[in-house]
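All remarks here apply to the structure that follows.
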Amino acid sequence: MRITVLKETDPFESRVALVPESVRKLVSMQAEVCVEQGAGLAASIEDAEYASAGATLSNDRAALLGTADVLLAVNRPADDDLSRLRSGAVVIAFLRPLDEPEKMRQMLEKELTAFAIELIPRTTRAQSMDGLSSMATIVGYKAVLMAAERMPRLFPMLTTAAGTIPPAKVLILGAGVAGLQAIATARRLGAIVEGFDVRAAAGEAVRSLGAKFLAIDLGGLQAEDAGGYAREVTEEVMDCSRELIARQAKASDCIITSAQVPGKRAPLLVTAEAVAAMKRGSIVVDLAGSTGGNCALSKPGEEVVVNGVTIIAPLNIAATVPLHASQLYSRNLTTFLSIMIKEGQLNLDFNDDIIGPSCAVHQGRAADSRLQAALATK
Ligand code: NAD
């Protein structure tokens, strides 16, 4: 079985799907690993490290694609690359099947078997394969550093000979994996932190990190689905949330937003009025830019300054920490692959409670019911 890793084509991507330590593991499972020359350079990994881990290196991208049994990637491969794969080949990557269902058509037509990292269930057994959590951890951490770098003030309280500096006040919206990591990082830097989420269950996690949880009355509404994700809430709950956030925003030096609902536009939580009420020098870091943003003034990928308040909505934060992002992702992929490899051969058991649900496309059909529905309505 040949596993192939290419250099990512997106000019802003610096991660790589496999790192040498994973190559070594896969080779020990009797897989053959082929890596495109230079694939790891942007993540500070040399070709020689892949070679000494047991990979074969090549600069013939077309041949690498044409002979791959499994193509591992960070982002969904370009149509050009997909067209060079053999029908029946397996693709594993962040494919965005629910956010961009139309872009899955090429894989359907080519009869590829595609596994989307986003569809891996958030279960205890799949925890070590959870690429979304790995990237969200990096994003939450880096978001706080991005804010700290741009703010005209420090995060910690400092008592100096020149007097005392008060700690920064940070508000984190959405307490999933990224939000909780942002809370932990801001706390480590010494800020006073508040967290908000519509899932009541998030309260305990927020408080355990030393932050205050802001709760709203959901009027009996269950905001969490069976998979642990947030549901879309009513307009009434959204209005109530926006009011609470606008009140807290006035006193916050930094707001980091990470609220998402899978397959939907990100909920709008920070209004233009809330930003207008913030102090000059404050900052909003919107981590939901790729799904429309949590702040009304966010421009995905851009930095906007309104009345002295900076609003940034960076799009691929994980790629700004490429070595560790690649390392975590590569370990997730390798654990995922390990349940598919038997005696060096690919053995896809679609009844497996991880393999089945994470398959987006198989034998020319959408395997995921939500993707099926999205494609049927187009
Ligand atoms: P996500 O990226 O889908 O969303 C981020 C956060 O935004 C979530 O906490 C969500 O509740 C919140 N949110 C959505 N709408 C909101 C609104 N209107 N206002 C405020 N907040 C809103 O979440 P995620 O980080 O991918 O985590 C999703 C769930 O999966 C969580 O319950 C998390 O604890 C769970 N999880 C479980 C495992 C596991 O058991 N293996 C691993 C990772 C995550």
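The values are calculated or read from the model by the stated rules, or taken from the named source; none is laboratory data. Just so you know, these numbers come straight off a predicted model, no measurement behind them. Every residue, glycine as well, gets a Cβ built from its backbone with ideal geometry; the counts of neighbours run over all protein chains shown. We work out accessible area using only protein heavy atoms, side chains counted, and drop any ligands, DNA or RNA first. Shrake-Rupley method; radii C 1.70, N 1.55, O 1.52, S 1.80 Å.
For region 351-362, the condition holds for no residue, the condition being that it is surrounded by fewer than 22 Cβ atoms within 10 Å (Cβ to Cβ), in a loop (DSSP other than H, G, I, E, B) and assigned by TED's automatic domain parsing to the domain that holds V144.
Quickly run through region 164-180 and pick out the residues that are of a type in the set (A, V, I, L, M, F, W, C), crowded, with 19+ Cβ neighbours inside 10 Å and either not in a loop (DSSP other than H, G, I, E, B) or not assigned by TED's automatic domain parsing to the domain that holds L209 (or both).
V170, L171, I172, L173, V177, A178, L180
This table checks each residue for (1) closer than 23 Å to S14 by Cβ; (2) in contact (Cβ under 8 Å) with a residue 24 or more places away in the chain; (3) within 16 Å of the ligand (Cβ to nearest atom).
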residue: A274; (1), (2), (3): no, yes, yes
residue: K279; (1), (2), (3): no, yes, no
residue: L287; (1), (2), (3): yes, yes, yes
residue: G292; (1), (2), (3): no, yes, yes
residue: A296; (1), (2), (3): no, yes, yes
residue: T334; (1), (2), (3): yes, yes, no
residue: N347; (1), (2), (3): no, no, no
residue: F350; (1), (2), (3): no, no, no
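All conditions in (1) surrounded by 16 or more Cβ atoms within 10 Å (Cβ to Cβ); (2) modelled with pLDDT of 95 or more hold for N316, with the sole exception of (2).
Let's see how each residue does on (1) open to solvent by less than 10 Å² (accessible area, probe 1.4 Å); (2) at pLDDT 90 or above; (3) within 10 Å of the ligand (Cβ to nearest atom):
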site	(1), (2), (3)
G227	no, no, yes
D239	no, yes, no
A246	no, yes, no
A259	no, yes, yes
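In the set (1) surrounded by fewer than 18 Cβ atoms within 10 Å (Cβ to Cβ); (2) outside any helix (DSSP H, G or I), E149 fails one condition alone, (2).
Restricted to region 88-107, and to residues that are part of a helix (DSSP H, G or I) and under 26 Å from Q260 (Cα atoms), which residue is most open to solvent (accessible area, probe 1.4 Å)? Filtering first and then ranking leaves K103. Of all residues in region 123-152, none that is β-branched (V, I, T) has its Cβ atom under 7 Å from the Cβ atom of a residue that is within 12 Å of the ligand (Cβ to nearest atom) and at pLDDT below 95, 6 or more apart or on another chain. Considering (1) of a type outside the set (K, R); (2) assigned to a loop (DSSP other than H, G, I, E, B); (3) within 16 Å of the ligand (Cβ to nearest atom); (4) surrounded by fewer than 24 Cβ atoms within 10 Å (Cβ to Cβ), the lone condition that G301 does not fulfil carries the number (3).
Does region 108-130 contain at least one residue that is open to solvent by 10 Å² or more (accessible area, probe 1.4 Å), small (G, A, S) and either within 16 Å of the ligand (Cβ to nearest atom) or modelled with pLDDT of 95 or more (or both)? The answer is yes; a qualifying residue exists. Mind checking which residues of region 196-242 are of a type in the set (V, I, T) and farther than 27 Å from T185 by Cα? Passing the criteria: V233, T234, V237. The set of residues from region 175-194 being within 13 Å of the ligand (Cβ to nearest atom), closer than 23 Å to I165 by Cα and within 22 Å of the chain's Cα centre (by Cα) comprises A182, I183.
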